[in-house]
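Colleague: Pasting a structure below so you can have a look.
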Amino acid sequence: MLARRTLGLEGLEVSALGLGCMGMSQSYGTFDDAESVKTLHRAIELGCDFLDTAEVYGPFTNEELLGRALEDRRDEVTIATKFGFRIEDGKNAGTDSRPEHIREVCEASLKRLRTDRIDLFYQHRVDPNVPIEDVAGAVGELVQAGKVRFFGLSEAGVGTIRRAHGVHPVSALQSEYSLWERNLEDDVIPALRELGIGLVPFSPLGRGFLTGTAKPAEEYDEGDFRRGDPRFQGGNFAANMRAADAVRALAEEKGAKPGQIALAWLLHQGDDVVPIPGTKRRTYLEENIAAADIPLSADDLTRLDEALKPGTTAGPRYSERMMATIDR
């Protein structure tokens, strides 16, 4: 069974590894709801009880999937979902974190998830048109009402985190972080530790680069997120595959999978770090969870740190349009 970790000073206890559920309904290839449900149930059996979704995944269909799968097992899991976008005609139409909209999203998410409370409610992206103090206050009211247990932010910068935390305690920041993407190390992680806020890294496997399964952008199907990812394109792709060679080499030495080494590295970054690798298949879920049992020595960690030091990865994280939504 997975060890337990605590996110934030308010005492949100979760499994040391979570499960990102987005890919069950959006972005990567085809979908198989029956296998996704079996994957969710297998996660519970293995002690992986921290499940991550959002209203915009689908949109809506990912929350509905979790609602169907977990209705009779609600007390066995910790569900994180997110607000912060305006959804029109089935598409993301931009940020919207007005307090009245947050309340509407909360009610709709509760209904889709077939539950009476959201364990962790993240602001999905910072809304430049709404003061973060108003956002934190609105979520605080939902906590007071018993509809939300803990408050989180996603891809927020240090100033926003501090201002939000001053109004209502922030338990976790969800942001992209991995051996392949280390943008948080200079200022965000030190601030989180100063304030006692946990870190929930998404894309902890570098979108396939750290597992060795990445392909050039043009080899992905239309509609797949990776077709438009600058790091999968042209010379960036080849450079990024070479950068990940150190992970694959260490995995071979330890008789492990490259992705397991990448997750083990993250788990060694501190007890306040809870990665959420995404998968929609039991096989990969089991492989990811086994990473928690892989020991890395100080020399192993140094070797990985040096091979994939900040700035090694070629290309921007996202397209220019998507980078504009990141609060840094």
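Colleague: How many residues are more than 26 Å from Pro190 (Cβ to Cβ), in contact with an Asp or Glu (Cβ under 8 Å, 6 or more places away or on another chain) and surrounded by 23 or more Cβ atoms within 10 Å (Cβ to Cβ) if we restrict to the stretch 263-292?
Modeller: 1
Colleague: Out of all the residues in the stretch 262-278, is one or more assigned to a helix (DSSP H, G or I) and free of Cβ contacts under 8 Å to residues at least 60 places away in the same chain?
Modeller: Narrowing the stretch 262-278 to residues assigned to a helix (DSSP H, G or I): 262-267.
Right, trim to free of Cβ contacts under 8 Å to residues at least 60 places away in the same chain and you get 264.
Yes, the stretch 262-278 contains at least one residue that is assigned to a helix (DSSP H, G or I) and free of Cβ contacts under 8 Å to residues at least 60 places away in the same chain.
So that you can scan it fast, the table gives a plain yes or no per residue for (1) touching a strand residue (DSSP E or B) at 6+ places or on another chain (Cβ under 9 Å); (2) more than 19 Å from Lys257 (Cβ to Cβ); (3) assigned to a strand (DSSP E or B):
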position	(1), (2), (3)
Leu192	yes, yes, no
Val200	yes, yes, yes
Pro204	yes, no, no
Thr211	no, no, no
Ala214	no, no, no
Glu222	no, yes, no
Arg227	no, yes, no
Gly235	no, yes, no
Met241	no, no, no
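Colleague: For the stretch 47-69, give me each residue that is of a type in the set (A, V, I, L, M, F, W, C), part of a loop (DSSP other than H, G, I, E, B) and over 17 Å from the mean Cα position of the chain (by Cα). Break it down into steps so the answer makes sense when it comes.
Modeller: Taking the stretch 47-69 as the starting set, the residues that turn out to be of a type in the set (A, V, I, L, M, F, W, C) are 48, 50-51, 54, 56, 60, 65-66, 69.
Add one more test, that the residue is part of a loop (DSSP other than H, G, I, E, B), and what stays is 48, 54, 56, 60.
The answer is Phe60, and nothing else.
Colleague: Would you mind finding the one in Glu63, Glu104 that is surrounded by fewer than 15 Cβ atoms within 10 Å (Cβ to Cβ) and at pLDDT 95 or above? Give the derivation first.
Modeller: Working: Glu63 fails: surrounded by fewer than 15 Cβ atoms within 10 Å (Cβ to Cβ).
None of the other options fit; the residue is Glu104.
Colleague: Show me the strands (runs of 3 or more DSSP E) found entirely inside the stretch 74-125 where at least 1 residues are within 23 Å of Ala16 (Cβ to Cβ). Full working, then the answer.
Modeller: On the way: elements: 78-83, 85-88, 91-95, 118-123.
Passing ranges, in order: 78-83, 118-123.
Colleague: Related question: Restricting the first residue to the stretch 128-147 and requiring it to be at positive phi and exposed (fewer than 15 other Cβ atoms within 10 Å of the Cβ), which pairs with a second residue that is at pLDDT 95 or above and not polar (S, T, N, Q) meet a Cβ separation below 9 Å and a spacing of at least six or different chains?
Modeller: So the pair list comes out as Gly146/Asp116; Gly146/Arg117.
Colleague: Tell me which of these Leu296 doesn't satisfy, since it passes every other one: (1) at pLDDT below 95; (2) part of a loop (DSSP other than H, G, I, E, B).
Modeller: (1)
Colleague: Thr312: in a loop (DSSP other than H, G, I, E, B), more than 21 Å from the chain's Cα centre (by Cα), crowded, with 16+ Cβ neighbours inside 10 Å and hydroxyl-bearing (Ser, Thr, Tyr), yes or no?
Modeller: Values: in a loop (DSSP other than H, G, I, E, B): yes; more than 21 Å from the chain's Cα centre (by Cα): yes; crowded, with 16+ Cβ neighbours inside 10 Å: yes; hydroxyl-bearing (Ser, Thr, Tyr): yes.
For Thr312, the condition - in a loop (DSSP other than H, G, I, E, B), more than 21 Å from the chain's Cα centre (by Cα), crowded, with 16+ Cβ neighbours inside 10 Å and hydroxyl-bearing (Ser, Thr, Tyr) - is met.
Colleague: Still on this structure, please answer the following. Would you please list the contacts, defined by Cβ atoms under 7 Å and residues six or more apart or on different chains, that run from a residue in the stretch 287-304 that is within 16 Å of Leu210 (Cβ to Cβ) and touching a residue at least 60 places away in the same chain (Cβ under 8 Å) to a residue that is of a type in the set (Ser, Thr, Tyr) and surrounded by 11 or more Cβ atoms within 10 Å (Cβ to Cβ)?
Modeller: Going by the 7 Å Cβ cut-off, the qualifying pairs are Asn288/Thr279.
Colleague: Output the number of the condition that Gln260 fails; it satisfies all remaining conditions of (1) surrounded by fewer than 23 Cβ atoms within 10 Å (Cβ to Cβ); (2) under 27 Å from Ala16 (Cα atoms); (3) polar (S, T, N, Q).
Modeller: (1)
Colleague: Residue by residue through the stretch 26-46, note down the ones that are within 24 Å of Gly223 (Cβ to Cβ) and part of a helix (DSSP H, G or I).
Modeller: Answer for the stretch 26-46, where residues must be within 24 Å of Gly223 (Cβ to Cβ) and part of a helix (DSSP H, G or I): Asp33, Ala34, Glu35, Ser36, Val37, Thr39, Leu40.
Colleague: May I ask you to list the residues in the stretch 17-32 that are within 22 Å of Glu76 (Cβ to Cβ) and either crowded, with 22+ Cβ neighbours inside 10 Å or more than 14 Å from the chain's Cα centre (by Cα) (or both)?
Modeller: Leu17, Gly18, Leu19, Gly20, Cys21, Met24, Ser25
Colleague: I would also like to ask the following. With the condition kept exactly as written, say whether any residue in the stretch 171-180 is surrounded by fewer than 21 Cβ atoms within 10 Å (Cβ to Cβ), closer than 25 Å to Trp265 by Cα, over 16 Å from the mean Cα position of the chain (by Cα) and modelled with pLDDT of 95 or more.
Modeller: Our first condition is that a residue be surrounded by fewer than 21 Cβ atoms within 10 Å (Cβ to Cβ); within the stretch 171-180, this holds for 176.
Next, only the ones that are closer than 25 Å to Trp265 by Cα stay: 176.
Cutting the leftovers down to over 16 Å from the mean Cα position of the chain (by Cα) gives us none.
Checked the stretch 171-180: no residue is surrounded by fewer than 21 Cβ atoms within 10 Å (Cβ to Cβ), closer than 25 Å to Trp265 by Cα, over 16 Å from the mean Cα position of the chain (by Cα) and modelled with pLDDT of 95 or more.
The values are calculated or read from the model by the stated rules, or taken from the named source; none is laboratory data. Here the structure is a predicted model, which is why all the values come from computation and not from measurement. Please note: Cβ atoms are built from the backbone with ideal geometry, for glycine as well, and neighbour counts cover all protein chains shown.
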